[in-house]
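Below is one structure, written out as C-alpha coordinates; the observations come after it.
The values are calculated or read from the model by the stated rules, or taken from the named source; none is laboratory data. In this text the structure is predicted, and so the values were computed from the model without any measurement. Don't worry about glycine lacking a Cβ; one is built from the backbone with ideal geometry, like all the others, and counts go over all protein chains shown. Surface accessibility is based on the protein's heavy atoms, side chains included, excluding ligands, DNA and RNA. Shrake-Rupley method; radii C 1.70, N 1.55, O 1.52, S 1.80 Å.
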Amino acid sequence: MADTGFVQKEKLNDFLNELSKDAVVYAPCLEGDTVIFKAFDSGTTLCLDRPANNPPKLVVFPQSETLFSFKYKKDAEDPRKMSVELEANTDFPRAIIFGARPCDAKGFRIYDSVYIDTNTPDPYYKGRREKTMIATLCCSAPSPGCFCVAVGGGPAHREGSDVLITQLEKGYFIEPVTEKGRAILNVPRIEDGEQYAEEAHKRQLESHDLVRNPFAEDGQPKISRALFDLDEFWEHVVSKCLSCGACTYLCPTCYCFNITDEQALNNGERIRSWDGCMFSHFTLEGSGHNPRPTKFKRFKNRVGHKFLYYPEKYNGVIACCGCGRCIRHCPVSVDISEIVSYLRGPRFEFTNEPPESMGTDTNSQEQKQ
Ligand code: SF4
Ligand code: SF4
(Lines give C-alpha, C1' and ligand atoms only; values in the text may rest on other atoms or scores of the structure.)
(Ligands and ions follow the chains in the order given, each with its own letter.)
Protein backbone atom coordinates (compact mmCIF):
# COMPACT_ATOMS: atom_id res chain seq x y z
CA MET A 1 0.00 0.00 0.00
CA ALA A 2 1.21 3.55 -0.74
CA ASP A 3 2.09 5.72 2.27
CA THR A 4 0.11 8.73 1.11
CA GLY A 5 -2.88 9.41 -1.13
CA PHE A 6 -4.30 12.09 -3.37
CA VAL A 7 -7.89 12.95 -4.30
CA GLN A 8 -8.53 15.12 -7.34
CA LYS A 9 -10.57 18.25 -6.54
CA GLU A 10 -13.46 17.26 -8.81
CA LYS A 11 -13.60 13.78 -7.25
CA LEU A 12 -13.88 14.91 -3.64
CA ASN A 13 -17.66 14.48 -3.37
CA ASP A 14 -17.42 11.00 -4.89
CA PHE A 15 -14.67 10.20 -2.40
CA LEU A 16 -16.87 11.33 0.51
CA ASN A 17 -19.75 9.27 -0.85
CA GLU A 18 -17.44 6.23 -0.84
CA LEU A 19 -16.48 6.98 2.78
CA SER A 20 -20.18 7.33 3.66
CA LYS A 21 -20.86 3.71 2.67
CA ASP A 22 -19.08 2.49 5.76
CA ALA A 23 -19.52 5.27 8.33
CA VAL A 24 -21.42 8.47 9.06
CA VAL A 25 -19.25 11.21 7.56
CA TYR A 26 -19.42 14.60 9.28
CA ALA A 27 -18.05 17.50 7.28
CA PRO A 28 -18.22 21.31 7.23
CA CYS A 29 -21.25 22.18 5.07
CA LEU A 30 -22.95 25.40 4.04
CA GLU A 31 -26.24 26.33 5.69
CA GLY A 32 -27.16 29.69 4.24
CA ASP A 33 -23.88 31.56 4.59
CA THR A 34 -22.90 29.71 7.77
CA VAL A 35 -20.55 26.72 7.80
CA ILE A 36 -21.50 23.98 10.22
CA PHE A 37 -20.36 20.43 10.89
CA LYS A 38 -23.12 18.00 10.01
CA ALA A 39 -23.66 14.59 8.47
CA PHE A 40 -22.65 14.73 4.81
CA ASP A 41 -24.91 13.36 2.08
CA SER A 42 -25.47 14.06 -1.60
CA GLY A 43 -27.81 16.96 -0.76
CA THR A 44 -25.32 18.93 1.35
CA THR A 45 -22.86 21.53 0.07
CA LEU A 46 -19.36 21.00 1.36
CA CYS A 47 -17.40 24.12 2.41
CA LEU A 48 -13.69 23.72 3.18
CA ASP A 49 -12.74 27.37 2.64
CA ARG A 50 -13.14 28.48 6.26
CA PRO A 51 -13.44 26.73 9.63
CA ALA A 52 -16.96 25.69 10.62
CA ASN A 53 -18.70 27.91 13.15
CA ASN A 54 -19.23 24.90 15.41
CA PRO A 55 -16.42 22.50 16.30
CA PRO A 56 -16.86 18.78 15.50
CA LYS A 57 -16.95 17.87 19.21
CA LEU A 58 -20.64 16.99 18.81
CA VAL A 59 -19.67 13.78 16.96
CA VAL A 60 -17.97 12.31 20.03
CA PHE A 61 -19.70 14.38 22.70
CA PRO A 62 -23.24 15.04 21.40
CA GLN A 63 -25.03 18.19 22.50
CA SER A 64 -27.67 15.94 24.01
CA GLU A 65 -27.55 12.14 24.32
CA THR A 66 -29.51 9.44 26.07
CA LEU A 67 -27.18 7.53 28.39
CA PHE A 68 -29.71 4.86 29.28
CA SER A 69 -33.42 4.12 29.47
CA PHE A 70 -35.08 2.95 32.67
CA LYS A 71 -38.34 1.22 33.50
CA TYR A 72 -39.95 0.80 36.93
CA LYS A 73 -41.81 -2.45 37.63
CA LYS A 74 -44.13 -2.80 40.60
CA ASP A 75 -44.12 -6.13 42.36
CA ALA A 76 -47.58 -7.58 41.67
CA GLU A 77 -47.56 -9.44 44.99
CA ASP A 78 -46.15 -6.69 47.17
CA PRO A 79 -46.93 -3.12 46.02
CA ARG A 80 -44.31 -1.73 48.42
CA LYS A 81 -41.60 -3.27 46.25
CA MET A 82 -40.40 -2.05 42.91
CA SER A 83 -37.57 -3.06 40.57
CA VAL A 84 -35.81 -0.95 37.94
CA GLU A 85 -34.67 -2.20 34.52
CA LEU A 86 -31.87 -0.30 32.84
CA GLU A 87 -30.87 -0.37 29.19
CA ALA A 88 -27.64 1.40 28.34
CA ASN A 89 -27.33 3.19 25.01
CA THR A 90 -23.98 1.89 23.79
CA ASP A 91 -24.75 1.39 20.12
CA PHE A 92 -22.29 3.92 18.71
CA PRO A 93 -22.09 4.34 14.93
CA ARG A 94 -18.82 4.36 13.01
CA ALA A 95 -18.04 7.98 12.21
CA ILE A 96 -15.53 9.98 10.20
CA ILE A 97 -14.90 13.65 10.87
CA PHE A 98 -13.71 14.99 7.54
CA GLY A 99 -12.29 18.51 7.38
CA ALA A 100 -11.77 19.16 11.10
CA ARG A 101 -9.05 21.78 11.58
CA PRO A 102 -5.84 20.93 13.48
CA CYS A 103 -7.08 22.93 16.49
CA ASP A 104 -10.31 20.88 16.51
CA ALA A 105 -8.37 17.61 16.45
CA LYS A 106 -6.09 18.83 19.25
CA GLY A 107 -9.24 19.67 21.21
CA PHE A 108 -10.14 15.96 21.34
CA ARG A 109 -6.83 15.26 23.11
CA ILE A 110 -7.89 17.72 25.85
CA TYR A 111 -11.09 15.66 26.25
CA ASP A 112 -9.21 12.34 26.17
CA SER A 113 -7.20 13.17 29.29
CA VAL A 114 -10.39 13.82 31.23
CA TYR A 115 -12.73 11.19 29.78
CA ILE A 116 -10.44 8.30 28.73
CA ASP A 117 -6.98 8.46 30.33
CA THR A 118 -8.30 8.00 33.86
CA ASN A 119 -9.21 5.16 36.22
CA THR A 120 -12.89 5.71 35.46
CA PRO A 121 -13.22 6.32 31.71
CA ASP A 122 -16.49 7.70 30.43
CA PRO A 123 -17.95 4.75 28.46
CA TYR A 124 -20.03 6.96 26.17
CA TYR A 125 -17.21 9.31 25.17
CA LYS A 126 -14.73 6.43 24.93
CA GLY A 127 -17.13 4.31 22.86
CA ARG A 128 -17.75 7.04 20.32
CA ARG A 129 -14.12 8.17 20.24
CA GLU A 130 -12.89 4.67 19.43
CA LYS A 131 -15.31 4.43 16.52
CA THR A 132 -14.43 7.84 15.09
CA MET A 133 -11.68 8.61 12.61
CA ILE A 134 -10.53 12.23 12.40
CA ALA A 135 -9.37 13.44 8.98
CA THR A 136 -7.99 16.92 9.50
CA LEU A 137 -7.59 19.65 6.89
CA CYS A 138 -4.46 21.80 7.33
CA CYS A 139 -5.19 25.53 7.36
CA SER A 140 -3.64 27.43 4.48
CA ALA A 141 -4.26 30.79 6.18
CA PRO A 142 -5.43 31.81 9.66
CA SER A 143 -9.01 32.94 10.26
CA PRO A 144 -9.74 36.09 12.28
CA GLY A 145 -9.04 35.43 15.97
CA CYS A 146 -6.92 32.26 15.51
CA PHE A 147 -3.86 31.91 17.74
CA CYS A 148 -3.11 28.15 17.61
CA VAL A 149 0.69 28.60 17.50
CA ALA A 150 0.54 30.49 20.82
CA VAL A 151 -0.83 27.43 22.62
CA GLY A 152 1.43 24.77 21.17
CA GLY A 153 -0.52 24.00 18.00
CA GLY A 154 -0.25 25.11 14.40
CA PRO A 155 -2.04 25.02 11.05
CA ALA A 156 -0.53 21.60 10.24
CA HIS A 157 -0.34 20.25 13.81
CA ARG A 158 -0.98 16.48 13.91
CA GLU A 159 -1.98 15.84 17.52
CA GLY A 160 -5.41 14.19 17.72
CA SER A 161 -5.65 13.55 13.95
CA ASP A 162 -5.78 10.15 12.28
CA VAL A 163 -5.26 11.64 8.82
CA LEU A 164 -3.82 14.98 7.69
CA ILE A 165 -5.12 16.56 4.47
CA THR A 166 -3.41 19.40 2.62
CA GLN A 167 -5.29 21.29 -0.05
CA LEU A 168 -3.20 21.78 -3.20
CA GLU A 169 -4.03 23.35 -6.52
CA LYS A 170 -5.32 20.17 -8.13
CA GLY A 171 -6.74 18.37 -5.12
CA TYR A 172 -6.12 17.00 -1.66
CA PHE A 173 -2.91 15.36 -0.43
CA ILE A 174 -3.72 12.77 2.23
CA GLU A 175 -1.27 11.51 4.89
CA PRO A 176 -2.28 8.92 7.50
CA VAL A 177 -1.06 9.85 10.99
CA THR A 178 -2.31 6.78 12.89
CA GLU A 179 -2.97 3.14 12.08
CA LYS A 180 -6.70 3.91 12.21
CA GLY A 181 -6.17 6.61 9.59
CA ARG A 182 -4.32 4.29 7.18
CA ALA A 183 -7.64 2.68 6.24
CA ILE A 184 -8.44 5.80 4.22
CA LEU A 185 -5.81 4.80 1.64
CA ASN A 186 -7.98 1.80 0.68
CA VAL A 187 -10.99 3.88 -0.24
CA PRO A 188 -11.82 3.89 -3.98
CA ARG A 189 -11.08 7.13 -5.89
CA ILE A 190 -7.83 7.75 -3.99
CA GLU A 191 -4.57 7.77 -5.97
CA ASP A 192 -0.96 7.41 -4.87
CA GLY A 193 0.10 10.78 -3.39
CA GLU A 194 3.87 10.50 -3.54
CA GLN A 195 4.41 13.08 -6.28
CA TYR A 196 2.49 15.71 -4.25
CA ALA A 197 4.30 15.22 -0.91
CA GLU A 198 6.95 17.91 -1.38
CA GLU A 199 4.46 20.59 -2.42
CA ALA A 200 2.19 19.71 0.51
CA HIS A 201 4.95 19.89 3.11
CA LYS A 202 6.12 23.25 1.74
CA ARG A 203 2.58 24.62 2.11
CA GLN A 204 2.31 23.28 5.65
CA LEU A 205 5.49 25.12 6.68
CA GLU A 206 4.48 28.40 5.03
CA SER A 207 1.11 28.57 6.76
CA HIS A 208 2.66 28.28 10.23
CA ASP A 209 4.32 31.72 9.99
CA LEU A 210 1.03 33.45 9.16
CA VAL A 211 -0.64 32.79 12.52
CA ARG A 212 -0.46 35.48 15.20
CA ASN A 213 1.04 34.82 18.64
CA PRO A 214 -0.47 37.24 21.16
CA PHE A 215 1.38 35.85 24.18
CA ALA A 216 5.12 35.41 24.28
CA GLU A 217 8.06 34.65 22.12
CA ASP A 218 8.21 31.08 23.44
CA GLY A 219 4.48 30.55 22.91
CA GLN A 220 3.68 29.78 26.55
CA PRO A 221 1.78 32.51 28.43
CA LYS A 222 3.27 33.04 31.91
CA ILE A 223 0.33 34.25 33.92
CA SER A 224 0.78 36.70 36.81
CA ARG A 225 -0.95 35.02 39.74
CA ALA A 226 -1.24 38.40 41.51
CA LEU A 227 -3.22 39.83 38.61
CA PHE A 228 -5.23 36.63 38.17
CA ASP A 229 -6.34 36.83 41.82
CA LEU A 230 -7.38 40.49 41.57
CA ASP A 231 -11.19 40.80 41.39
CA GLU A 232 -10.97 44.32 39.92
CA PHE A 233 -9.06 42.94 36.93
CA TRP A 234 -11.88 40.52 36.06
CA GLU A 235 -14.64 43.06 36.72
CA HIS A 236 -12.86 45.40 34.33
CA VAL A 237 -12.07 43.04 31.45
CA VAL A 238 -15.39 41.18 31.30
CA SER A 239 -17.70 44.03 32.23
CA LYS A 240 -19.67 43.77 29.00
CA CYS A 241 -19.98 39.96 28.81
CA LEU A 242 -23.65 38.99 28.41
CA SER A 243 -23.28 35.52 29.98
CA CYS A 244 -24.82 34.09 26.80
CA GLY A 245 -22.56 31.02 26.91
CA ALA A 246 -21.82 31.01 23.16
CA CYS A 247 -18.10 30.87 23.93
CA THR A 248 -18.48 27.59 25.81
CA TYR A 249 -20.83 25.91 23.34
CA LEU A 250 -18.59 26.74 20.39
CA CYS A 251 -15.37 25.80 22.17
CA PRO A 252 -13.72 22.53 21.05
CA THR A 253 -12.19 22.09 24.51
CA CYS A 254 -15.16 22.89 26.81
CA TYR A 255 -16.62 19.66 28.16
CA CYS A 256 -19.03 20.54 30.98
CA PHE A 257 -22.40 18.79 31.01
CA ASN A 258 -25.63 18.44 32.94
CA ILE A 259 -27.64 15.28 33.60
CA THR A 260 -31.44 15.24 33.59
CA ASP A 261 -34.12 12.54 33.70
CA GLU A 262 -37.05 12.67 31.29
CA GLN A 263 -39.70 10.51 32.85
CA ALA A 264 -43.23 9.42 31.97
CA LEU A 265 -45.24 7.34 34.43
CA ASN A 266 -43.16 4.18 34.70
CA ASN A 267 -40.28 4.73 32.33
CA GLY A 268 -37.87 7.34 31.17
CA GLU A 269 -34.42 8.28 29.93
CA ARG A 270 -31.34 9.71 31.55
CA ILE A 271 -29.96 12.41 29.28
CA ARG A 272 -26.61 14.17 29.21
CA SER A 273 -26.57 17.66 27.69
CA TRP A 274 -23.90 20.29 27.24
CA ASP A 275 -23.73 22.89 29.98
CA GLY A 276 -21.32 25.73 30.52
CA CYS A 277 -19.52 27.50 33.33
CA MET A 278 -20.63 30.90 31.97
CA PHE A 279 -24.22 30.23 33.08
CA SER A 280 -25.17 31.36 36.60
CA HIS A 281 -27.14 28.19 37.33
CA PHE A 282 -24.18 25.94 36.50
CA THR A 283 -22.77 26.15 40.02
CA LEU A 284 -26.04 26.89 41.81
CA GLU A 285 -26.29 24.49 44.72
CA GLY A 286 -29.48 22.93 46.10
CA SER A 287 -29.19 25.13 49.19
CA GLY A 288 -29.44 28.25 47.05
CA HIS A 289 -25.76 29.09 47.56
CA ASN A 290 -23.77 29.85 44.42
CA PRO A 291 -19.97 29.83 44.72
CA ARG A 292 -19.68 31.78 41.43
CA PRO A 293 -22.52 34.26 41.70
CA THR A 294 -21.13 36.93 39.37
CA LYS A 295 -20.11 36.78 35.73
CA PHE A 296 -16.59 37.95 36.46
CA LYS A 297 -16.10 34.95 38.78
CA ARG A 298 -17.47 32.67 36.07
CA PHE A 299 -15.25 34.11 33.40
CA LYS A 300 -12.25 33.96 35.73
CA ASN A 301 -13.00 30.27 36.20
CA ARG A 302 -13.22 29.72 32.43
CA VAL A 303 -9.85 31.34 31.77
CA GLY A 304 -8.31 29.83 34.90
CA HIS A 305 -9.46 26.36 33.95
CA LYS A 306 -7.92 26.57 30.51
CA PHE A 307 -4.68 28.35 31.33
CA LEU A 308 -3.91 27.44 34.97
CA TYR A 309 -5.86 24.57 36.53
CA TYR A 310 -5.88 22.15 33.59
CA PRO A 311 -2.15 22.68 32.86
CA GLU A 312 -1.41 22.14 36.57
CA LYS A 313 -3.19 18.79 36.42
CA TYR A 314 -2.14 17.60 32.97
CA ASN A 315 1.60 18.21 32.54
CA GLY A 316 1.43 21.82 31.43
CA VAL A 317 -1.05 21.21 28.60
CA ILE A 318 -3.17 24.32 27.96
CA ALA A 319 -6.87 23.52 27.62
CA CYS A 320 -7.35 26.00 24.79
CA CYS A 321 -6.34 25.14 21.24
CA GLY A 322 -6.46 28.72 19.97
CA CYS A 323 -9.24 28.11 17.43
CA GLY A 324 -10.51 31.67 17.91
CA ARG A 325 -14.21 30.70 17.76
CA CYS A 326 -15.03 32.35 21.08
CA ILE A 327 -13.47 35.55 19.74
CA ARG A 328 -15.16 35.43 16.33
CA HIS A 329 -18.61 34.63 17.65
CA CYS A 330 -18.85 36.51 20.96
CA PRO A 331 -21.67 39.03 20.42
CA VAL A 332 -19.77 41.73 22.35
CA SER A 333 -16.23 40.84 21.18
CA VAL A 334 -14.73 39.61 24.43
CA ASP A 335 -11.29 38.32 23.40
CA ILE A 336 -9.74 35.55 25.52
CA SER A 337 -6.34 35.92 23.84
CA GLU A 338 -6.27 39.59 24.78
CA ILE A 339 -7.26 38.84 28.38
CA VAL A 340 -4.59 36.13 28.75
CA SER A 341 -2.12 38.51 27.17
CA TYR A 342 -2.97 41.11 29.86
CA LEU A 343 -2.58 38.42 32.52
CA ARG A 344 1.08 38.17 31.64
CA GLY A 345 1.38 41.23 33.84
CA PRO A 346 3.34 44.37 33.34
CA ARG A 347 1.64 45.71 30.21
CA PHE A 348 -1.84 45.95 31.78
CA GLU A 349 -2.94 49.23 33.33
CA PHE A 350 -6.38 50.08 34.66
CA THR A 351 -8.11 53.05 33.05
CA ASN A 352 -11.60 54.45 33.48
CA GLU A 353 -12.49 52.99 30.10
CA PRO A 354 -12.77 49.33 29.16
CA PRO A 355 -9.88 47.96 27.10
CA GLU A 356 -9.92 49.43 23.58
CA SER A 357 -11.07 46.39 21.61
CA MET A 358 -13.84 45.71 24.11
CA GLY A 359 -15.90 48.72 23.06
CA THR A 360 -18.46 50.54 25.18
CA ASP A 361 -19.34 49.20 28.59
CA THR A 362 -23.08 48.65 28.50
CA ASN A 363 -23.01 46.87 31.81
CA SER A 364 -26.14 46.67 33.93
CA GLN A 365 -26.91 45.08 37.23
CA GLU A 366 -28.60 42.13 35.45
CA GLN A 367 -25.55 41.55 33.26
CA LYS A 368 -23.35 41.54 36.37
CA GLN A 369 -25.35 38.64 37.67
S1 SF4 B 1 -17.71 36.09 26.66
FE2 SF4 B 1 -19.05 36.62 24.91
S3 SF4 B 1 -19.74 34.63 24.12
FE4 SF4 B 1 -18.93 34.25 26.20
S5 SF4 B 1 -20.73 34.42 27.57
FE6 SF4 B 1 -19.78 36.47 27.48
S7 SF4 B 1 -20.89 37.53 25.84
FE8 SF4 B 1 -21.32 35.33 25.57
S1 SF4 C 1 -11.21 29.15 24.55
FE2 SF4 C 1 -11.79 30.11 22.59
S3 SF4 C 1 -9.92 30.05 21.35
FE4 SF4 C 1 -9.62 28.59 23.06
S5 SF4 C 1 -10.27 26.60 22.23
FE6 SF4 C 1 -12.07 27.53 23.25
S7 SF4 C 1 -13.20 28.63 21.61
FE8 SF4 C 1 -11.11 28.19 20.85
On average, how much area does the Cα convex hull of the chain cover when viewed from any direction, in nm²?
23.2 nm²
Keeping all protein chains in the complex and leaving out DNA, RNA and ligands, what accessible area do you get for Y309 with a 1.4 Å probe, in Å² to the nearest 10?
80 Å²
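Could you work out how much longer the chain between E312 and R328 gets when fully extended? Use 0.36 nm per residue separation minus the Cα distance between them, nm to one decimal.
Values: separation 16, 0.36 × 16 = 5.76 nm, distance 2.79 nm.
Stretched fully, the E312-R328 segment lengthens by 3.0 nm.
Could you work out what % of the accessible surface of region 5-208 is carbon and sulfur, using a 1.4 angstrom probe and leaving DNA, RNA and ligands out of the count?
Numbers: 4610 of 9710 Å².
On region 5-208, the fraction of accessible area on carbon and sulfur atoms equals 47 percent.
Using the per-residue mean of other Cβ atoms lying within 10 Å as a proxy for protection, in what order, highest first, do the peptides 29-35, 231-237, 323-329 fall? Walk me through the numbers before you get to the answer.
Details: 29-35: 13.3, 231-237: 18.0, 323-329: 21.1.
Result, highest mean first: 323-329, 231-237, 29-35.
Contour minus end-to-end for A2 and S143, with contour as 0.36 nm per residue of separation and end-to-end as the Cα-Cα distance? Before the final figure, lay out the partial values.
Numbers: separation 141, 0.36 × 141 = 50.76 nm, distance 3.30 nm.
Extra length available between A2 and S143 comes to 47.5 nm.
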What lysines does K71 reach when the alpha-carbon gap must be under 27 Å and sequence neighbours fewer than 8 apart in one chain are set aside?
K81, K126
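Residues of the chain: accessible area per residue at 1.4 Å, in Å²?
Details: 18210 Å² over 369 residues.
Per-residue value: 49 Å².
Pairs to check: K74/K131; K38/K295; K9/K202; K9/K131; K222/K297. Give those whose C-alpha atoms are more than 30 Å from each other in this structure. Numbers along the way, then the final one.
Values: K74/K131 38 Å; K38/K295 32 Å; K9/K202 19 Å; K9/K131 27 Å; K222/K297 21 Å.
Those over the limit are K74/K131; K38/K295.
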Pop a pseudo-label 7 angstrom from the Cα along the beta-carbon direction at both D231 and E198 and give the gap in nm to one decimal.
6.4 nm
What does the charge count around G193 come to, taking other residues whose C-beta lies under 15 Å from its C-beta (Lys +1, Arg +1, Asp -1, Glu -1)?
-1
Got a number for the accessible area of H157? Probe 1.4 Å, square angstrom, nearest 10.
50 Å²
